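The values are calculated or read from the model by the stated rules, or taken from the named source; none is laboratory data. On a predicted model such as this, the values are computed, not experimentally measured, just so you know. Cβ: placed from backbone, ideal geometry, glycine included. Neighbour counts: every protein chain shown. Just the protein is used for accessible areas: all its heavy atoms, side chains included, with ligands, DNA and RNA removed. Shrake-Rupley method; radii C 1.70, N 1.55, O 1.52, S 1.80 Å.
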Amino acid sequence: MFKSKPAYGLRSALAVSTSILAVTVMTACSSMSSKLPEPTHRPLVEGPVFGNPALHAVEFDLAKVGYQQSEYFISGKARSFVNTQPLQSDGKWAVNVADEAAFNTRFVVFRPTDAAKFNGTVIFEWLNVSGGSDAAADWVTTHTELIRKGYAWVGVSAQKAGIDGGGINMSGLKVYLKALNAKRYGALVHPGDSYSYDMFSQVAQAVLHPHDVDPLGGLRAKYALAVGESQSAARLTTYVNAIAPLTKIFDGYFLHSRGGFSTKLSESPQSDIEMPKVVLVRDDLYAPVMMLQTETDLFVLGSYTARQPDSKHYRLWEVAGTAHADIYMLKGSADLGNDPNFAAVVAVAAPRPGIVECSKPINSGPQHFVATAALAALDNWVRNGVAPAHANRLEVAGDPPTVVRDSMGNALGGIRTPYVDAPIATLSGYGQDANSSRLCTLFGTTALFDRGTLATLYPDHATYVAAVNTSVDSAVTSGFLLQPDGDLIKAWAQASDIGKH
């Protein structure tokens, strides 16, 4: 039994003495079944599997930063769910088990090699399949903080599209696991996404409470966080509202760039269970939910319709100058966390030829820096009970509503960084031409200022550096940037030629 910390502790330690998936419902969830039936048997974990996993997440040797990677297969019986009451927009949903089906999926583990460097928190990422393959979007976006603080990370292949193809494939490429390596992944079995929620739970339990195989290699977990970006955030929203109150596996949830909706509780080949058009995060959850949103998310994905106020267990951060996807999401997997060039505002039209070919330079804003701060804030919330700062919402006006912008074209309101308060470009979550690829609508735009505009804003280099430093210090003090990231932004500004006319 793990010793709970004053705030939340590892919730899944409540009921694992008889079965790794025993689940008990607290009295606060009295509208739901008092207990879900246990799975018919414990899942089997196999591994580590020899060789490198098929997952584009790291473009450097993890050993350089004191980490190692491994891959495991897990098989058993996963459960699907059905609602026992009408599904309302408030997210206070009651569900029960519908049926079971056999599954065999995989998960990937990145962890500190030295146990002394492990900070006790395990991040479970619901891998994103919108591009046709498993994508570790939140690992890429936040990995510099995860590594420097010693987190363990687990990427879960929870959805059928990542294994067998199909689904929403915005890249149009055959890059699902069985296509990439049929020999390695040919035996995987996914019964359909109705079972994805329970598959995600079972992987987490197998990692946190190992039996014959210990995927953490002896590391002792104290806290567990569930994270997901974009389509994965939509699935985690359904998980938070329907499944989390029954399992209480995770101590906190990071929902990153979701729309105003959530994914179906059940879908083909099972019966479709349609969701409300607008879905909020339930306000009576046992654990904190941190939500990070970009400009694009408001009106391309419709998160504006699902805005809700901060509460005891909920925070919403909206970030000015950001897009749903950006240059860092494509190139950040090479970032060791010590290169100021990853703080640069750049204009690149086609960073991934053949995959992302946009007619205009895509967004190079501060999403990754604020995302690391958000995840760190969630971890602190779970560990110490200290809630993250409240953040202003992005300013919106008009009919139909749009983001309000300043004279330089940058968004007003939201979380502020030097990228919009000491700008050298217009950074937007919108603006790609209609003839660009479907993916490009998510990548926003970067429009660098001309030399005349820069000269007007910054008559000398010292003026620019001072403006950046002031904005960084304010964001760090507010908790919206972490100090190491703020130092990188300052270093890039100091080395730049902005103001040197």
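Only one entry in Val420, Val396, Val468 is under 20 Å from Pro361 (Cα atoms) and open to solvent by less than 50 Å² (accessible area, probe 1.4 Å), namely Val420. When the residues of the stretch 369-393 are filtered to those that are surrounded by fewer than 22 Cβ atoms within 10 Å (Cβ to Cβ) and in contact with a helix residue (DSSP H, G or I) (Cβ under 8 Å, 6 or more places away or on another chain), which remaining residue is nearest to Ala344 (Cα to Cα)? Out of the qualifying residues, it is Ala376. Here Ile168, Ile123, Ile147 are screened, and the one residue that is within 22 Å of Phe81 (Cβ to Cβ) and either surrounded by fewer than 24 Cβ atoms within 10 Å (Cβ to Cβ) or not polar (S, T, N, Q) (or both) is Ile168.
Residues checked against (1) without any contact (Cβ under 8 Å) to a residue 24 or more places away in the chain; (2) more than 18 Å from Gln367 (Cα to Cα):
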{"position": "Val404", "(1), (2)": "yes, yes"}
{"position": "Met408", "(1), (2)": "no, yes"}
{"position": "Leu454", "(1), (2)": "no, yes"}
{"position": "Val472", "(1), (2)": "no, no"}
{"position": "Asp497", "(1), (2)": "no, yes"}
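When you check Asp90 against the structure, is it assigned to a strand (DSSP E or B), surrounded by fewer than 24 Cβ atoms within 10 Å (Cβ to Cβ) and either charged (D, E, K, R) or in contact with a Phe, Trp or Tyr (Cβ under 8 Å, 6 or more places away or on another chain) (or both), yes or no?
Numbers: assigned to a strand (DSSP E or B): no; surrounded by fewer than 24 Cβ atoms within 10 Å (Cβ to Cβ): yes; either charged (D, E, K, R) or in contact with a Phe, Trp or Tyr (Cβ under 8 Å, 6 or more places away or on another chain) (or both): yes.
Judged against the criteria, Asp90 is not a match.
Regarding Ile163, is this residue among the hydrophobic types (A, V, I, L, M, F, W, C), within 16 Å of Arg235 (Cβ to Cβ) and buried (at least 20 other Cβ atoms within 10 Å of the Cβ)? Yes; evaluated as a whole, the condition is true for this residue.
Taking first residues from the stretch 289-300 that are surrounded by fewer than 24 Cβ atoms within 10 Å (Cβ to Cβ) and partners that are assigned to a helix (DSSP H, G or I), the Cβ contacts under 9 Å between residues at least 6 apart in sequence or on separate chains come to Val300/Thr441; Val300/Leu442. A Cβ distance below 7 Å, combined with a sequence gap of six or more or placement on separate chains, defines the contacts here; from the stretch 326-350, residues that are farther than 16 Å from Ala371 by Cα reach residues that are open to solvent by 50 Å² or more (accessible area, probe 1.4 Å) and part of a loop (DSSP other than H, G, I, E, B) in the pairs Ala334/Glu59; Ala349/Lys360; Ala350/Glu357. Checked against (1) in contact (Cβ under 8 Å) with a residue 60 or more places away in the chain; (2) assigned to a strand (DSSP E or B); (3) crowded, with 18+ Cβ neighbours inside 10 Å, Thr142 passes all but condition (2).
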